[in-house]
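Have a look at the structure below before the remarks.
No value in this document is a laboratory result; all are computed from the given coordinates. Just so it is clear, the model here is predicted, and its values are computed rather than measured. Backbone-built Cβ (ideal geometry, glycine too); neighbour counts: all protein chains shown.
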């Protein structure tokens with residue numbers, strides 16, 4: 001689903017992450033082209049998509065924790 005605002009929002013998130021020190025999880029790369037992650041509307045996640053999304057976030061959190069220790 002094309003989203004005109006997507007690039008602007010992503011750029012703002014990257015900018016703010018540098019200011020406030022939060023991480024960015026790249027769900028786009030993990031999910032692009034994987035139709036079974038999304039419902040019929042192409043936006044909302046299926047159970048498989050939600051599980052994968054949670055896993056991508058968990059891996060990013062674990063990597064951030066490991067980098068600080």
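Peptides 47-53, 8-14 ranked from most to least packed by the mean count of surrounding Cβ atoms within 10 Å: 47-53, 8-14. Relative to the longest principal axis of the Cα atoms of the chain, the long axis of helix 6-20 lies at roughly 20 degrees. A Förster distance of 25 Å, applied to the separation of the beta-carbon atoms of residue 22 and residue 48, puts the FRET efficiency at 0.40. Compared with the dominant principal axis of the Cα atoms in the chain, helix 47-68 is inclined by about 10°.
Comparing 34, 25, 56 in a Gaussian network model of the chain where C-alpha atoms under 10 Å apart are linked, the largest mean-square fluctuation is found at 34.
Just want to confirm a number: the relative contact order over the chain, from Cα pairs under 8 angstrom separated by 6+ residues, in percent. In percent, rounded to a whole number, it is 23.
I'm spelling it out carefully: the read-out is Rg/Rh (Cα atoms, Kirkwood Rh), the candidates are (1) 1.00; (2) 1.06; (3) 1.02, and one was derived from this structure. Which label? Computed from these coordinates, Rg/Rh (Cα atoms, Kirkwood Rh) corresponds to label (3).
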